[in-house]
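First the structure, in the form of structure tokens, and then the observations on it.
The values are calculated or read from the model by the stated rules, or taken from the named source; none is laboratory data. Here the structure is a predicted model, which is why all the values come from computation and not from measurement. Quick reminder, even Gly has a Cβ in these numbers, built from the backbone with ideal geometry, and neighbours come from all protein chains shown.
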Amino acid sequence: MLQFHLKGKKAFIAGIGDDKGFGWAIARALAEAGAEIIVGTWTPLLKMFTTALENGKFDESRKLSDGSLFKIAKIYPLDASYDTPADVPAEVAENKRYKDVTGYTISEVASALQRDFGTIDLFVHSLANAPEVQKPLLDTSRQGYLAAMSSSSYSFVSLLRHLGPIMSSDGAALSLTYVASQMVIPGYGGGMSSAKAALESDTRTLAWECGRRWGFRVNVISAGAWGSRAAKAIGFIDKMIDYSEANAPLAKPLHSSDVANAAAFLLSPLAGAITGTLLYVDNGIHTMGVAVDSRSLAAETTHLSNSEEKQCSSCC
């Protein structure tokens with residue numbers, strides 16, 4: 001039987017804020033394989049997340065196959081919009097959700113990781129944010145567009161730049177994208193589609209640069225529609241889930257474990273020669289050129305069926 005384990009590997013997952021998203025599912029899958037889990041959570045969510053964890057609200061979703069609960073070695077506050085403390089605007093630094101928290105910029109978190117763990121082996125970027133995501137691209141402000149690019153794509157570049165020196169040479173990094181990077185998804189606005197396109201393009205360049213400079217691999221998963229807390233911000237995620245189940249080659253629900261298992265593979269030694277790759281984990285919806293449940297297509301199908309019946313009648 002083909003098996004792998006990640007025992008002794010340290011995995012840093014950036015972007016976990018609850019137990020509903022892909023980041024959490026990936027953390028659990030890596031823990032199942034034996035990895036030590038380290039988490040970076042968005043600074044405004046830090047208290048809520050740690051309190052819920054301490055109160056046992058995530059215990060059910062922390063269960064591994066042997067019945068034990070996977071542990072988080074350490075949780076760091078992380079706002080990946082800022083590289084250094086000097087980059088943090090005064091109004092953010094003085095905000096009540098930030099004021100009592102220190103060390104949340106990318107450079108500070110990287111330094112803390114090195115101080116606390118020495119090196120890390122695996123890095124997962126599960127970060128995305130667009131303040132104007134519900135606006136059409138044409139109505140998105142420059143500030144909103146650049147904010148989406150900063151949080152959702154450049155953050156991957158910056159995190160790799162700062163984490164690269166402490167990543168093991170046989171390690172791997174992974175980010176998450178969505179098919180709106182390459183196809184029109186009306187309503188997925190605010191520059192998010194642009195940010196995801198940049199993230200995918202950057203993955204190829206980062207695979208080259210990180211591979212040659214530090215020796216580790218960089219890949220990206222394009223995940224299907226999933227009802228995470230972050231995804232609900234776009235306002236129509238439930239409809240996208242229904243659309244996918246109705247039109248994908250595999251007409252079944254997508255589970256967070258589907259994405260997590262694929263992530264664990266890409267981060268494992270089994271994928272030791274895979275880098276710069278975009279892997280779709282979406283039940284195949286990215287392959288479809290038309291919606292099979294479209295009323296227009298249904299009308300055409302009915303028309304063809306009637307024509308075939310008439311032809312058959314004339315023959316018989």
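Remarks
- Put simply, of Thr50, Thr43 the only residue that is over 24 Å from Thr177 (Cβ atoms) and of a type in the set (Val, Ile, Thr) is Thr50.
- Pairing each residue of region 241-262 that is surrounded by 13 or more Cβ atoms within 10 Å (Cβ to Cβ) with any residue that is assigned to a loop (DSSP other than H, G, I, E, B) and aromatic (Phe, Trp, Tyr), provided the two are 6+ apart or on different chains, yields C-beta distances under 7 Å for Leu254/Trp226; Ser256/Trp226.
- Among the residues of region 80-99, at least one is under 30 Å from Gly8 (Cβ atoms) and either in the same structural domain as Ala130 (by TED's automatic domain parsing) or modelled with pLDDT of 95 or more (or both).
- Total residues in region 11-40, condition in contact with a Ser or Thr (Cβ under 8 Å, 6 or more places away or on another chain) and either farther than 19 Å from Leu78 by Cα or buried (at least 21 other Cβ atoms within 10 Å of the Cβ) (or both): 16
- The residue of region 82-110 that is surrounded by the most Cβ atoms within 10 Å (Cβ to Cβ), among those that are assigned to a helix (DSSP H, G or I) and free of Cβ contacts under 8 Å to residues at least 24 places away in the same chain, is Val92.
- Among the residues examined, Leu174 qualifies as in contact (Cβ under 8 Å) with a residue 24 or more places away in the chain, in the same structural domain as Thr277 (by TED's automatic domain parsing) and either outside any helix (DSSP H, G or I) or among the polar types (S, T, N, Q) (or both).
- Condition met for Ser158 (touching an Asp or Glu at 6+ places or on another chain (Cβ under 9 Å) and either among the small types (Gly, Ala, Ser) or at pLDDT 95 or above (or both)): yes
- Test: Phe58 is closer than 23 Å to Asp258 by Cβ and either buried (at least 19 other Cβ atoms within 10 Å of the Cβ) or under 22 Å from the mean Cα position of the chain (by Cα) (or both): yes
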